[in-house]
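Below is one structure, written out as structure tokens, with a few remarks after it.
Since every read-out is calculated from the coordinates, none of them should be taken as a lab result. If you're wondering where the values come from, they're calculated on a predicted model, not measured in any experiment. All Cβ positions, glycine included, derive from the backbone under ideal geometry; neighbour counts span all protein chains shown.
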Amino acid sequence: MSQSLLENLIEQLQCLPGVGPKTAQRMAFHLLQRKRQAGKELSVVLNEAMDNIGQCSECRNYTELELCGICQNAKRAIDGTLCIVESASDLAAVEQSAQFSGRYFVLHGCLSPIDGVGPSEIGLFQLEQMLENGHVSEVILALNPSVEGEATSHYIADICKSHNISITRIAHGIPVGGELEMVDSSTITHALMGRKQF
């Protein structure tokens, strides 16, 4: 027996992160009971987005254009810094800080040989071509401090060294407002290793 439309809607909503069967059911009922027009508009926008949003040819951020707004901004290229992030959501987080005025490169993942993710899958050959063009004076690594993130950081560091490009990484450590006794030993280790003059 085939699924009903309602069952199919609930199942498809579960593709979203953190959405299980119960949450998907609540979403479906909410759309059907109170937000039918909003649901229709969502479906139109979602369909357009899936068909038209691709990756920027320079930084690999999501955009419907050849170049994203950041890469089109000539002032950001003058800065000479390139911040490398794992995901588009990481790029958005750095942008929201308003502390970085250079360009980005989005990996869309990290090296993970076990999962079949090598340098070409995360754009490292494209990154190397960008570095060879000579417009980058410093690479800032803003990767997560996971095993895969560390391996990817070391790989990128080797590429940068071979092109005589300065490489730095964002600090890892105690969050603002955090208490030492509540922080895990790995985070404390990173904080101690990344200490600076006060």
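Before moving on, here are some points about what is shown:
- Mean Cβ count within 10 Å, highest first, over the residues of peptides 59-70, 24-35, 40-51, 90-101: 59-70, 24-35, 90-101, 40-51
- Environment charge at residue 10 (Cβ cut-off 10 Å; Lys +1, Arg +1, Asp -1, Glu -1): 0
- For the chain, a crude dipole built from +1 on the beta carbon of Lys and Arg and -1 on the beta carbon of Asp and Glu, taken about the Cα centre, is about 640 debye to the nearest 20.
- Once the Cα-Cα distance is subtracted from the 0.36 nm per residue extended length, the residue 121 to residue 157 segment shows a gain of 11.2 nm.
- Rounded to whole numbers, the Karplus 3J(HN,Hα) couplings from phi for the stretch 40-52 are 5, 5, 4, 5, 5, 5, 4, 5, 4, 5, 5, 7, 10 Hz, using 6.51 cos²θ - 1.76 cosθ + 1.60 with θ = phi - 60°, and x at Gly and Pro.
- Here the gap between residue 174 and residue 4, fully extended at 0.36 nm per residue and compared with their Cα-Cα distance, gives a gain of 56.2 nm.
- R0 of 35 Å, Cβ-Cβ distance residue 11-residue 89: FRET efficiency to nearest 0.05: 0.90
- Positive-pole candidate from 4, 117, 130, dipole of the chain, charges at beta carbon: 4
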